């Protein structure tokens, strides 16, 4: 256990030791948090109002435990989704495992140590969703101190089951996917399959949701105390026992539920360790040596192609992104995940006729402003530009000794981020044209504006990365983890253009879609110009050589 | 020709790592650059290749100032870095095409050179594999191939023989000799004194950022009035500092 503990400490140190070390980054983080503070107040007050209303309806029926049941179920579902992503990154995409394998360590010790990072992330996520509701529920129901103590204990247990389910599933998948010769490709396939699994799961649940049947069942269960709780948590005991612990903590039923809960979680951990011992190392190890296949002169002739430098550079960037599992997941898949998810949900709703009126208000000036800000948010979350320089790692110096114009290097990197954003914009086009059926004028004004916003966002991301790149990484994960640069980028663009949109929204002098569009076009072009001149200035100061 | 004039360099908050270095390397010579760890060899090479900015002084490559005309200067040189771990997710041939695009090497020329050099280095059959799957020596060979695609007039190599098998090391040494015989410059840093003794026309020894000696091995023996080997002179020179 001592060795496991030491491993956990080393892995956490490698991941988090740099946090807060740069003063400028800490200052930016504080500003970002200040921006988020009003949103936190809004979030808490919305939750409080909804919960109070819900409680007042359910309490006279003796069904208030349903609230906690839903809370635990929702938290577990969210944590399960987050677990898939974090486990895949930490267990399989992070290459630091190669340096631990030669040590005399048991596989279970490695997976326990590897779990520390994702678990911290999961506790953060759980705190965000679970704790506010817990405390508000406690306040509304005038709960005793025991409720809060039990609540905190349940909080400590909360991520364990989703984490172990996702972990065991992924270890099983990776163990068999990894038989393939190309380790990277296997990782990419497994990564995309996991995202697909999440989406399919959602589709499956939605297809099996028959409102009439639900109402009939609910009518039966509502007649008995905690009936609704038993009904919704019937297929998932951890949520049932957790809820009973919280709602009946003062009686034997609650205490027994608590012990049942502890036993369930302990069982899950043992199962996880056992599966890890059996499957993990075999899933991690790959065959990574050159093939020594026969290469023919004809193939050399076919594959030797001359391209202009900028095109060759963009091709190189795209190849590296698409072939590096971490880069592919962070730069491409995760930015496509949300739009695809949205499209599927909206498509299913539209086929069942529920979508009518969803975007009826999205017309004219206000429609354009909403779409513009939405586009900026979507392209702003893409990690390609903010990692443009950092992705190079120790290869960055090749950009310096090769006869490449630094301006051309940065422009090619911006273009790469812009091209990757095109996938997201294409999905938005599908959404607007085929599902939402946006009016044509608005669509035709929006599309070029979104393409320009994407260039602005990419240039801003690249500039921020040029100021504080992370080149000294040993594992590609470090390019994205513990860096606030992405959040800072979004806050800057939403801060600037959010205020502009707010002004345009409220200024009555600016009327009609064309006038608004003209102003937005001018402003975004000015924004692009400013970013390019800032970058030019930094190149003159030899910033590219100093990083 | 490489000209280093009064070049100094210091990293922030530290003493000078290079102190008023002067060195002129003529065409048609192989020059070995020697010095103990931390002597300033890599910093000098990084300034020569434009990786690091120069604090004071001037470096010119065939008359092109690396600071004022960086692109022209870099087009003349071919640089083999000490660590060959570049663009690992590209395939060997993709890497070579990328480099050839940067140096504007025409299709027929690049095809002929890729075939000839990679066959010499026995990596031809691995051209369709990812560089990540290459061994250290194979990575070194693909970088050297890339550097030779545009037939540079100045060849700068940082520890080029590390990790190469005897046959490939022999081929590389032959290539360096051929290159110098064509009237071009070869400048390389090394820890292997035997290689320097065997291959170099001239030797530059640096320690604590200052040039201790520059000349032929015969000059060295004459200067230090000794029949000692290069190793003994090197140890003596660098331990006195």
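Annotations
- Conditions (1) within 14 Å of chain B (Cβ to nearest Cβ); (2) at pLDDT 85 or above; (3) surrounded by 18 or more Cβ atoms within 10 Å (Cβ to Cβ): number failed by residue A:325: (2)
- Residues satisfying the stated conditions in region A:293-310, i.e. more than 7 Å from chain B (Cβ to nearest Cβ), farther than 27 Å from residue A:412 by Cα and part of a loop (DSSP other than H, G, I, E, B): A:296
- Screening B:89, B:75, B:110, B:83 for residues that are under 16 Å from the mean Cα position of the chain (by Cα), without any contact (Cβ under 8 Å) to a residue 60 or more places away in the chain and either surrounded by fewer than 21 Cβ atoms within 10 Å (Cβ to Cβ) or within 7 Å of chain A (Cβ to nearest Cβ) (or both) leaves exactly one candidate, B:83.
- Residues located in region B:42-66, provided they are within 20 Å of residue A:547 (Cβ to Cβ) and in contact with a strand residue (DSSP E or B) (Cβ under 8 Å, 6 or more places away or on another chain): B:42, B:43, B:45, B:47, B:48, B:49, B:52, B:54, B:55, B:66
Each row is one residue, and each column tells you yes or no for (1) outside any helix (DSSP H, G or I); (2) farther than 30 Å from residue A:473 by Cα; (3) outside the structural domain of residue A:397 (by TED's automatic domain parsing); (4) within 31 Å of the chain's Cα centre (by Cα).
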| site | (1), (2), (3), (4) |
| --- | --- |
| A:509 | yes, yes, no, no |
| A:515 | no, yes, no, no |
| A:518 | no, yes, no, no |
| A:521 | no, yes, no, yes |
| A:524 | no, yes, no, yes |
| A:527 | no, yes, no, yes |
| A:531 | no, no, no, yes |
| A:534 | no, no, no, yes |
| A:539 | no, no, no, no |
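- The single condition among (1) modelled with pLDDT of 90 or more; (2) farther than 20 Å from residue A:365 by Cβ that residue A:490 does not meet is (1).
- The listed residue being away from every other protein chain (no Cβ under 14 Å), under 30 Å from residue B:239 (Cα atoms) and surrounded by fewer than 21 Cβ atoms within 10 Å (Cβ to Cβ), out of B:174, B:197: B:197
- Residue, farthest from the other protein chains (Cβ to nearest Cβ), within region B:120-137, restricted to residues that are farther than 10 Å from residue A:295 by Cβ and in a helix (DSSP H, G or I): B:120
- Condition met for residue B:105 (more than 9 Å from every other protein chain (Cβ to nearest Cβ) and farther than 18 Å from residue A:318 by Cβ): no
- Flag for residue A:386 being in a helix (DSSP H, G or I), modelled with pLDDT of 90 or more and within 14 Å of chain B (Cβ to nearest Cβ): no
- The set of residues in region B:2-34 being modelled with pLDDT under 90 and at positive phi consists of B:13 alone.
- Condition broken by residue A:335, with the remaining ones in (1) closer than 30 Å to residue A:438 by Cα; (2) modelled with pLDDT under 70 satisfied: (2)
- Residue in region B:151-169 that is without any contact (Cβ under 8 Å) to a residue 60 or more places away in the chain, surrounded by 22 or more Cβ atoms within 10 Å (Cβ to Cβ) and more than 9 Å from chain A (Cβ to nearest Cβ) present: no
- Condition check for residue A:486: touching a residue at least 40 places away in the same chain (Cβ under 8 Å), farther than 16 Å from residue A:373 by Cα, surrounded by fewer than 21 Cβ atoms within 10 Å (Cβ to Cβ) and under 21 Å from the mean Cα position of the chain (by Cα): yes
- Restricting region B:53-72 to residues that are closer than 15 Å to residue A:402 by Cβ and surrounded by 17 or more Cβ atoms within 10 Å (Cβ to Cβ), the residue that is nearest to the other protein chains (Cβ to nearest Cβ): B:70
- Residues in region B:159-175 include none that are in contact with a strand residue (DSSP E or B) (Cβ under 8 Å, 6 or more places away or on another chain) and either assigned to a helix (DSSP H, G or I) or modelled with pLDDT of 90 or more (or both).
- Members of region A:389-425 that are under 26 Å from residue B:64 (Cα atoms), within 12 Å of chain B (Cβ to nearest Cβ) and in contact (Cβ under 8 Å) with a residue 24 or more places away in the chain: A:396, A:399, A:400, A:404, A:406, A:407, A:408, A:409
- Failed item, numbered, when residue A:539 is tested on (1) modelled with pLDDT of 90 or more; (2) under 16 Å from residue A:386 (Cβ atoms); (3) within 14 Å of another protein chain (Cβ to nearest Cβ): (2)
The values are calculated or read from the model by the stated rules, or taken from the named source; none is laboratory data. The structure presented is a predicted model; accordingly, all values stated were derived computationally and were not measured. With ideal geometry, Cβ positions are generated from the backbone for all residues, glycine too; neighbour counts draw on all protein chains shown.
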